[in-house]
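*Asks:* Input: one structure, supplied below.
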Amino acid sequence: MIDLQLKKRLTGAGGDIFLQIDCQMQSGEIVGIYGPSGAGKSSILRMLAGLMVPDQGFIQVGEEVWLDTSKGINLRPQHRNIGMVFQEYSLFPNMTVLQNLEFAMEKGADRKLTKEMLEIIGMRELADQRPQLLSGGQKQRVALARAMLRQPKLLLLDEPLSALDREMRKNLQQYILQFHRDFHLSTLLVSHDAAEITRMSERLWVLENGSFVYDGEPNLYFT
Amino acid sequence: MLETAPFYLTVKLAFLTTIILFVLGVPLGYWLAFSRFRVKFMVEALVSLPLVLPPTVLGFYLLLAFSPENALGKFLDTYFDLRLVFTFPGLVVASVIYSLPFMVQPLKSGFTSIPKAWLDAAYTMGKSRRVTLRKVLLPNMKNAMLTGAVLTFAHTVGEFGVILMVGGNIPNETRVISVAIYNEVEAMNYGVANTYSLILVGFSFLVLMVTYFINHQKNSLLTYD
């Protein structure tokens, strides 16, 4: 189970909003977070990842407390077992595809896994290419594979498919679902695409002006 | 009489200054690029001060600071047996201060040009700041590193005022090329001064040309696009 209580004043283009959420998700769930831009969707993921610190909050994943502002606990991103994929790919141009994957591995980890991962995403032939030469879909496949290599408990997807065309999206959605199942992940998917969320997630949180206004099945909300 | 010692001293000084400033400039540039420290602007102003101050002002205060009559100079002399007035080590310290902005500013822009998401990605992959700096940041800002190094080197070669104030004009110790030229002109040896000067012009032009050439190369050693 993942327990998430966050309070933070966010300063955005449309003025300040006060983000205040208190929610739980089950292990193995895939939850979509939907809402207008600037509502604070990405900020939730960033706080889960430890890249942003809430004014007040509590985060527990399984047995581990990652954040408890009342006790001064705040695990650094490096110590939270997460995989995160960003909209803008964030592959490192100074490394090849394979090196990008290897970079994610812990020191002394089994290198065989990177090769296997290349097979899974169907990019064995492109292992020695620099990421700049890849298409958007290929880049995002590498970024996804890279996030998976640390075998995270929690996968955070911040609009990972927004920059891709329809075909690529469908293709990537399949990979995400496959990884989610095979690696027994809990997944949070931020998206502003209703069809994508309906297709991907079992549960939907709708964020408006900093708080969740809906928590339930995606189908019921979008019809 | 054309001597080789001034050339040797100049290159040695510029080389040492560049190396020391690189080691100092990376953490300082990193800090200036990423810190949210409130009074960062004061540190920025301090770093850039040598750009606007007349070298003589800087040299004057360094001379006072290094003097064994004063606290810092006395301290260095007593505990480290180090004299910085009219010595080569003094020139190195002065040059490091004088050329600080030429190294720090390019490095800071280099750090700023790296997309923030790359840092986030590395941190969520469990990589420390140090590893991220070494494996992700620095390799993707080679342009900035080259610019910083070349500017620092060239600026140190071109130093005059600070050197004359702090180092004086001691053969084989502090008489670098710029001082040697001044010396020859004072002695009315225009021919020798001209030879020194021409060599300096040629050298500076060459260094800058090579730098710009490398910077303009696509798919070069510097970028990955």
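*Asks:* Quick one, can you get me the convex hull of the C-alpha atoms of the protein assembly as shown expressed as volume per residue in Å³?
*Replies:* 191
*Asks:* Using Cα pairs closer than 8 Å and at least 6 residues apart in sequence, work out the relative contact order for region A:9-157, in percent.
*Replies:* 22 percent.
*Asks:* Against the longest principal axis of chain B, how steep is helix B:177-186, in degrees 0 to 90 to the nearest 10, with axes from Cα atoms?
*Replies:* That helix lies at roughly 30 degrees to the long axis.
*Asks:* Report, largest value first, the span of the C-alpha coordinates of region A:3-108 along each principal axis, in whole Å.
*Replies:* 41, 35, 27
*Asks:* Just the C-alpha atoms of region A:123-223: what Rg/Rh do they give, with Rh taken as the Kirkwood radius?
*Replies:* Rg divided by Rh gives 1.00.
*Asks:* Quick check: residue separation of A:ASP128 and A:GLU167 times 0.36 nm, minus the Cα distance between them. What number comes out in nm?
*Replies:* Extra length available between A:ASP128 and A:GLU167 comes to 11.5 nm.
*Asks:* Calculated FRET efficiency, B:LEU208 and A:GLU208, Cβ-Cβ r, R0 45 Å, to nearest 0.05?
*Replies:* 0.20
*Asks:* So how strong a dipole does chain B carry about its Cα centre when Lys and Arg Cβ are +1 and Asp and Glu Cβ are -1, to the nearest 20 debye?
*Replies:* The calculation lands at about 1280 debye.
*Asks:* Where q = 0.17 Å⁻¹, what log10 of I(q)/I(0) comes from the Debye formula for chain B, counting one point per Cα?
*Replies:* -1.22
*Asks:* In debye to the nearest 20, how big a dipole does the protein assembly as shown give about its Cα centre with +1 on each Lys and Arg Cβ and -1 on each Asp and Glu Cβ?
*Replies:* 360
*Asks:* Counting Lys and Arg as +1 and Asp and Glu as -1, what is the net charge of the other residues whose Cβ lies under 12 Å from the Cβ of A:LYS112?
*Replies:* Residues near A:LYS112 contribute -2 overall.
*Asks:* Continuing with the same structure: GNM, chain B, Cα, under 10 Å: largest mean-square fluctuation among B:LEU91, B:LEU51, B:LEU100?
*Replies:* B:LEU51
*Asks:* 7 Å from Cα along Cα→Cβ at both A:HIS192 and B:ALA117: what's the point-to-point distance in nm?
*Replies:* Output for this residue pair reads 1.4 nm.
*Asks:* A further question on this structure: Residues of B:127-138, mean number of Cβ from any other protein chain within 10 Å of their own Cβ, rounded to a whole number?
*Replies:* 2
*Asks:* Output needed for region A:56-154: three equivalent-ellipsoid semi-axes, defined as square roots of 5 times the C-alpha gyration tensor eigenvalues, in descending order, whole Å.
*Replies:* Semi-axes from the Cα gyration tensor: 30, 14, 11 Å.
*Asks:* Another question, then. Could you give the angle, 0 to 90 degrees to the nearest 10, between helix B:40-52's Cα long axis and the longest principal axis of the Cα atoms of chain B?
*Replies:* Taking the Cα atoms of chain B, the angle to B:40-52 is about 30 degrees.
*Asks:* Once you've got the Cα coordinates, tell me which of A:LYS139/B:LYS142; A:LYS139/B:LYS108; A:LYS7/A:LYS153 are over 26 Å apart.
*Replies:* A:LYS139/B:LYS108
*Asks:* For A:GLN178, project a label point 7 Å along Cα to C-beta. Then give me every residue of region A:115-130 with its amide nitrogen under 14 Å of that point.
*Replies:* Only A:116-124 fall inside the zone, counting backbone N under 14 Å.
*Asks:* Can I ask one more? By how many nm would the segment from A:SER37 to A:ASN219 grow when fully extended, if each residue of separation counts as 0.36 nm and the alpha-carbon distance is taken off?
*Replies:* 63.4 nm
*Asks:* While we're on this one: Dividing the alpha-carbon Rg of region B:123-184 by 2.2 N^0.38 Å yields what?
*Replies:* Here the answer is 1.85, to two decimals.
*Asks:* Still on this structure, please answer the following. Any number yet on Rg/Rh for chain A, C-alpha, Kirkwood?
*Replies:* For chain A, the value is 0.96.
*Asks:* On each of the three principal axes of the Cα atoms of region A:30-73, give max minus min coordinate, whole Å, ordered largest first.
*Replies:* Largest to smallest, the principal-axis extents are 33, 24, 14 Å.
*Asks:* Sort A:80-91, A:116-127 for me by packing, meaning the mean count of neighbouring Cβ atoms within 10 Å per residue, highest on top.
*Replies:* The most tightly packed comes first, giving A:80-91, A:116-127.
Taken together, the values in this text are just the output of simple stated rules run on the coordinates, not laboratory data. Given the structure is predicted, the values throughout are model-derived calculations rather than measurements. Positions of Cβ are backbone-derived with ideal geometry, glycine not excepted, and every protein chain shown enters the neighbour counts.
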